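Reviewing the structure listed below.
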Protein chains: 2
Amino acid sequence: MNVGEVAALAGVTVRTLHHYDRIGLLSPSGRTPSGYRQYGPSDLDRLHQVLLYRELGFPLEEVATLLDDPSADPETHLRRQHRMLRDRLERTSAMVAAVEKEMEARNMGISLTPEERFEVFGEQDPAQYDAEVSQRWGETDAYKQSKRKTAAYTKDDWVRIKAEGAQLEARFAAALRSGAAPDSDEAMDLAEEHRQSITRNYYDCPPEMHVGLGRMYVEDERFTAHYEKIAPGLARYVSTAVQANATRQG
Amino acid sequence: MNVGEVAALAGVTVRTLHHYDRIGLLSPSGRTPSGYRQYGPSDLDRLHQVLLYRELGFPLEEVATLLDDPSADPETHLRRQHRMLRDRLERTSAMVAAVEKEMEARNMGISLTPEERFEVFGEQDPAQYDAEVSQRWGETDAYKQSKRKTAAYTKDDWVRIKAEGAQLEARFAAALRSGAAPDSDEAMDLAEEHRQSITRNYYDCPPEMHVGLGRMYVEDERFTAHYEKIAPGLARYVSTAVQANATRQG
DNA sequence: GTCCCGCCTGACGCCACGTCAGGGTCAAGG
DNA sequence: CCTTGACCCTGACGTGGCGTCAGGCGGGAC
């Protein structure tokens with residue numbers, strides 16, 4: 001793909017891609033003989049990450065160091081992005097609430113105190129995550145070692161986590177074959193186990209979010225295919241069990 | 001208040017306030033004999049608006065024209081801010097969902113198409129609101145007249161809307177005095193009427209949001225006072241009725 | 001009086017691009 | 001085969017929204 005196509009796809013300008021090339025943040029993996037930039041799939045991956053981090057307010061230089069850090073795998077980035085996006089969601093809804101409060105106050109002829117109206121503009125600090133951890137732990141050797149260790153851990157655990165997932169899927173399939181209803185205790189318990197394993201291994205996944213994942217298993221053909229390959233009807237079975245489990249909990 | 005205090009309150013730097021003064025976006029209403037900037041309550045109001053619009057991505061120059069537009073009263077700004085913040089909320093949760101999808105995909109060894117991953121970065125365009133209406137209506141005289149008319153309307157209707165609100169509150173008070181339970185049909189109907197009047201006159205207010213407002217009536221002392229002045233116990237009565245109505249609808 | 005903090009006004013710097021300028025490239029159509 | 005128009009290239013300068021000194025005045029606590 002050449003610049004124009006990538007730009008259109010990603011919703012940025014050509015100039016932006018030129019800029020990212022110049023500062024070494026994202027250089028296309030190839031060039032045509034005539035000098036045209038040629039972007040490959042891996043470049044798109046990287047661009048995606050760049051745009052996410054940019055959206056989250058990181059300066060480009062920091063984005064580069066984040067993405068070039070060899071001790072940080074894609075999962076690390078996704079988890080960080082997820083956490084920051086959820087923070088932002090919270091902050092935005094606080095602002096929505098503040099504006100609603102102000103509207104209602106005006107509606108009733110009440111006026112709010114300045115402190116109140118400004119409180120939503122408090123600390124945000126985009127780079128607080130690195131800063132925070134550096135401040136708390138210092139850039140000591142212990143901290144660095146722990147960081148390396150965690151990175152190593154993740155790689156070691158990777159196989160185990162994958163196996164754990166596969167085993168759960170197998171147990172789901174067994175339940176399906178045994179004729180247990182998707183809203184039976186057995187299926188719901190499996191769903192709950194699934195949710196908890198996500199929370200343990202990846203990110204905090206409350207039942208509500210879990211239901212969203214479940215929906216995706218039947219709505220997105222590739223996720224569906226993944227389950228159907230294990231046992232026919234499994235995608236819908238898991239999805240229903242997840243939903244039943246969430247209802248049971250709520 | 002002098003710069004430092006305002007800066008601390010609003011969570012911005014002194015330099016920022018200097019800048020806003022220089023470009024004429026926010027000049028303090030007074031100066032001490034020695035030249036110190038003196039900010040009054042109205043300056044804080046304006047600063048609040050400025051920060052909201054800035055947060056929403058408007059360039060400062062546009063913020064100035066928005067806030068200096070004599071045909072736009074505070075309610076107009078609040079409604080616009082509210083709408084844009086809700087848009088942003090939607091967009092952010094879409095991004096959260098996208099990241100979750102990606103995590104889940106990786107978890108299952110599925111890879112997403114580039115289009116899919118970039119789709120959340122589609123159009124956003126901060127100034128789309130003005131642009132949109134200008135494009136659709138053109139900067140014609142008809143458009144300008146309609147704009148003036150709406151502004152005039154709002155001012156004319158203001159009295160009616162206020163009266164409508166007061167009347168509703170009186171009917172709530174009557175219901176309370178008559179001994180009707182807050183979750184009686186009578187009270188819930190009043191609550192529904194309240195919600196619909198907000199939707200008609202101010203902003204779209206689904207039951208869920210309405211419950212939030214109701215909570216505020218008992219949690220914020222000034223809102224409570226407003227209702228208690230009409231009839232003792234009215235704040236909690238209205239709040240409960242609103243919640244009952246939302247439950248009935250949901 | 002003096003010490004220190006806070007305020008003032010320039011003036012320069014920086015980031016993430018936007019916006020020309022001047023010129024090569026590529027594919028479709030005449 | 002040549003033109004035409006859309007697309008690409010590399011400088012180079014401009015811009016918005018401040019950050020960051022530098023040099024100097026104001027003010028109140030001791």
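The values are calculated or read from the model by the stated rules, or taken from the named source; none is laboratory data. What you are looking at is a predicted structure, and each value in this text was computed from that prediction instead of being measured. Cβ sites come from the backbone with ideal geometry, for glycine too, and all protein chains shown count toward neighbours. Surface areas here come from the heavy atoms of the whole protein model, side chains and all, with no ligands, DNA or RNA. Shrake-Rupley method; radii C 1.70, N 1.55, O 1.52, S 1.80 Å.
Taking each label point as 7 Å beyond Cα in the direction of the beta carbon, state the distances from A:GLU186 to the same residue in the other copies, shortest first, in nm.
Spelled out, the distances from A:GLU186's label point are 5.6 nm.
First select every other residue whose beta carbon is under 9 angstrom from the beta carbon of A:MET103; then total the charges, Lys and Arg +1, Asp and Glu -1.
Numbers: positive: A:LYS101, A:ARG106, B:ARG79; negative: A:GLU100, A:GLU102, A:GLU104, B:GLU75.
With Lys, Arg at +1 and Asp, Glu at -1, the net is -1.
With every protein chain left in place, what is the accessible area of A:HIS226 in Å² (1.4 Å probe, nearest 10)?
40 Å²
Set the Förster radius R0 to 60 Å, insert the Cβ-Cβ distance between A:GLU228 and B:THR32 as r into 1/(1 + (r/R0)^6), and round the FRET efficiency to 0.05. Show your work: numbers first, answer last.
Working: r = 76 Å, r/R0 = 1.26.
In this case the efficiency is close to 0.20.
Given a Förster radius of 60 Å and the C-beta distance between B:SER184 and B:ASN107 as r, what FRET efficiency does 1/(1 + (r/R0)^6) yield to the nearest 0.05?
Working: r = 51 Å, r/R0 = 0.84.
It comes to 0.75.
For q = 0.11, 0.12, 0.14, 0.20 Å⁻¹, what log10 I(q)/I(0) does the stretch A:175-242 give under the Debye formula with an equal point scatterer on each alpha carbon and no solvent?
-0.24, -0.28, -0.39, -0.79
Ordering B:VAL218, A:VAL50 by accessible area with a probe of 1.4 Å, largest first, what comes out?
On the way: B:VAL218 45, A:VAL50 0 Å².
Descending order: B:VAL218, A:VAL50.
May I ask you to report, in nm to one decimal and beginning with the shortest, the distances from B:ARG79 to the same position in the other copies, taking label points 7 Å along Cα-to-Cβ?
In nanometres, ordered from closest: 4.7.
Simple spin-label model, 7 Å along Cα-to-Cβ: A:LEU168 to A:LEU67 in nm?
3.1 nm
Would you rank A:ILE110, B:ILE23, A:ILE198 by solvent-accessible area, highest first, keeping every protein chain in place and using a 1.4 Å probe? Numbers along the way, then the final one.
Numbers: A:ILE110 25, B:ILE23 85, A:ILE198 0 Å².
The most accessible residue leads, giving B:ILE23, A:ILE110, A:ILE198.
Every other copy gets compared here: list the nm distances from the B:GLU221 label point (7 Å along Cα to Cβ) to its counterparts, shortest first, one decimal.
6.2
In the stretch B:3-68, if every C-alpha pair distance is counted and binned at 10 Å from zero, what percent goes to each bin?
21, 60, 18, 2
With each label point set 7 Å from Cα along the Cα-Cβ vector, what nm distance links B:ARG83 and A:ARG22?
Each label point is offset 7 Å from its Cα along the Cβ direction, giving 3.8 nm.
Nearest-to-axis residue of chain B, judged by Cβ, for the B-to-A rotation, with distance in whole Å?
Of all Cβ atoms in chain B, the one nearest the axis gives B:THR92, 3.
Report which residues of the stretch B:1-45 become buried by 50 Å² or more of accessible surface when going from the isolated chain to the complete set of protein chains (1.4 Å probe; DNA, RNA and ligands ignored).
Checking the loss per residue gives B:LEU9.
Please give the net charge around A:ALA173, taking every other residue with its beta carbon less than 11 angstrom from that of A:ALA173, where Lys and Arg add +1 and Asp and Glu add -1. Don't jump to the answer; show the numbers that get you there.
Numbers: positive: A:ARG171, A:ARG177, A:LYS229; negative: A:GLU169, A:GLU228.
Combined, the nearby Lys, Arg, Asp and Glu give +1.
What number comes out for accessible area per residue over the stretch B:4-93 if the probe is 1.4 Å? Units Å², please.
On the way: 4390 Å² over 90 residues.
Ligands and nucleic acids excluded, the figure is 49 Å² per residue.
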